[in-house]
2 protein chains.
Amino acid sequence: MKRSLAIQPSAPPGNSPETAEAAPKTLAEATYWRLRSDIVWGKLPPGSPLRSDELRAAYDVGISPLREALSRLAVEQLVTTVGQRGFRVAPITAADVLDVMETRLVIEREALTRSIKAGDLSWETNLVASFHSLSRLPIPHGPGNAAESWARHHRNFHMALLAACGSDWQLRLAGLLFDQAERYSMVRALKVSAPKLTRDTISEHKQILDAALARNSKAAVAALEKHYRATTKQVLAALQLSSAS
Amino acid sequence: MKRSLAIQPSAPPGNSPETAEAAPKTLAEATYWRLRSDIVWGKLPPGSPLRSDELRAAYDVGISPLREALSRLAVEQLVTTVGQRGFRVAPITAADVLDVMETRLVIEREALTRSIKAGDLSWETNLVASFHSLSRLPIPHGPGNAAESWARHHRNFHMALLAACGSDWQLRLAGLLFDQAERYSMVRALKVSAPKLTRDTISEHKQILDAALARNSKAAVAALEKHYRATTKQVLAALQLSSAS
DNA sequence: TCGCTCATTAATTTGGAAATTTTATATGAC
DNA sequence: GTCATATAAAATTTCCAAATTAATGAGCGA
């Protein structure tokens, strides 16, 4: 008997109230989101193979929507696919981490500057709200639902910063790269014991927030860079640890 | 009897010698590239519906690889898909044009600067070669094989500029946005009569090349911006013309 | 004439079986 | 023992038909 997939796949979307995304209208789309979450939050670890039969059983869908979902994820570089040799979760390398983080900065420097310049009251309000809920959530140690919830709020805050930039493409690319980076952070969360995380991320976020509200784009960009570079450093350290083990 | 698709779909890859891309190993992949080309080069015009039966007949493939290809294109924003209402070629709006062109600049400014800093002799060589073949190709008037060939060389030159930037993500995103922009340029080529194109694009490209070879990144970036902004202006003008007709 | 409901038609979407390709295993020659 | 070749097993990829969903239009009453 074949061993089935070792993961607990994420449930079909009985939509959690905190995420107000457009409900998927097709099975393929739903499967895409479920797989995406499971990859981004590390349930499907980097490098692991994605065999159609196992996934079909685990997610309870046919082959067609499954392949469609995997194909989409391949375009986003969340999974890799080689010729007739199937799909696997994209592996993580140190070079990738650096590249993604620096490229995020290239885009977000511009988007944040524009957003600060153009943001109106509703932008400010949403930003303050995003920060508040993020700051009141306990920083999770180790994987689990709390970690996912925190990560979602974290994403919301960062996207809220850029929301008023006026460029759909910049928002889209920033989101794409955010999710790539999230995957790296999950490696960190999974592999490194909690006590080592001694950064004060709340205050890092607050610095960005304050500068943004003060409409000081130079300071906001500087704070953002500091935040990202600190994350990069931690992830790289965790990656070395895990590759040594 | 149903009217079949009005286009002559691009041939299966009996690979033309000038494109040294990795040969597609699956039908889905091949179909993806054929469709992509036909969308980017304007054979499938913006907004036109992509019905599975028609495409199946036109490209002579089954439904599964077709959907897989369309799904991938949807992630790239080259086609749109709504719930259970199928796929269509993504429409073009003036706002899109501006957004894509400005976002290209955000990425390419950085990538070009890095490339100029890090480029070695083989980078220079490849760059010079790309420029040469581009400059000797007659600028095509109206659609056709010559137009596609020119566009391919044009793409090669622009990517050669960035090739040494050291960031896979920046290269990938630049390429993605290049193809988006190409679609807009095709609208221009299709709708505007040739005599109106009085720009000296060769000299625009030469200015970028010379600055790059002189390792003068400030000047190269300035020339690139000039080149893109001129293109943007023309595309926007053509778009207004065509929407007025 | 307009608006509504309900059947009819046309399209997309999905599941699974057949075909193809890769990977693993066994057999034999050197 | 090592390499090459042939065979078997496993996996991916594709085709196609059934199921589902949206679009269309006729009939009917106000």
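The fraction of all Cα pairs in the protein assembly as shown landing in successive 10 Å bins from 0 to the largest distance is 4, 17, 27, 28, 18, 6, 1, 0, given as whole percents.
In percent, rounded to a whole number, the relative contact order of the stretch B:27-89 is 44, using alpha-carbon pairs under 8 Å and six or more apart. Counting only protein heavy atoms and a probe of 1.4 Å, the accessible surface of the protein assembly as shown is 55% carbon and sulfur. In this Cβ point-charge picture (+1 for Lys and Arg, -1 for Asp and Glu), chain A has a dipole of about 520 debye about its Cα centre. Applying the Karplus relation 6.51 cos²θ - 1.76 cosθ + 1.60 with θ = phi - 60° to the stretch B:205-217 yields 3J(HN,Hα) values of 5, 5, 4, 5, 4, 4, 4, 5, 5, 7, 6, 9, 5 Hz, where x marks Gly and Pro.
Every Cα-Cα pair in chain B was counted, and those over 25 Å apart are 45% of them. Buried surface for the B/A pair, taken as the accessible area of each chain alone minus that of the pair with a 1.4 Å probe, is close to 2800 Å² in total. So which of A:Lys43/B:Lys25; A:Lys206/A:Lys226; B:Lys117/B:Lys218; B:Lys43/B:Lys233; B:Lys43/B:Lys206 end up more than 21 Å apart, counting from Cα to Cα? As for pairs spanning more than 21 Å Cα to Cα, those are A:Lys43/B:Lys25; B:Lys43/B:Lys233; B:Lys43/B:Lys206.
With contacts taken as Cα pairs under 8 Å at a separation of at least 6 residues, chain A carries a relative contact order of 20 percent.
Per residue, the solvent-accessible area of chain A (1.4 Å probe, heavy atoms of protein chains only, all protein chains present) comes to 49 Å². Estimated at the nearest 10 Å², the accessible area of B:Lys43 is 80 Å² with a 1.4 Å probe.
Explain nothing, just the number: dipole magnitude of the protein assembly as shown about its Cα centre with +1 on each Lys and Arg Cβ and -1 on each Asp and Glu Cβ, in debye rounded to the nearest 20.
Computed about the Cα centre, the dipole is about 160 debye.
Taking each DSSP H run with n ≥ 4 as -39500 (n - 2.57) and averaging over every residue of chain A yields -22000 deg cm²/dmol at 222 nm. Put simply, the amide H of B:Leu50, placed in the peptide plane, has neighbours under 5 Å in B:Phe87, B:Arg88, B:Val89, leaving out anything fewer than 5 places away on its chain.
The values are calculated or read from the model by the stated rules, or taken from the named source; none is laboratory data. Model, not experiment: these values are computed from the prediction. When we count neighbours, we look across all protein chains shown, and the Cβ atoms used for this are built from the backbone with ideal geometry, even at glycine. All accessible areas refer to the heavy atoms of the entire protein, side chains included, with ligands and DNA or RNA removed. Shrake-Rupley method; radii C 1.70, N 1.55, O 1.52, S 1.80 Å.
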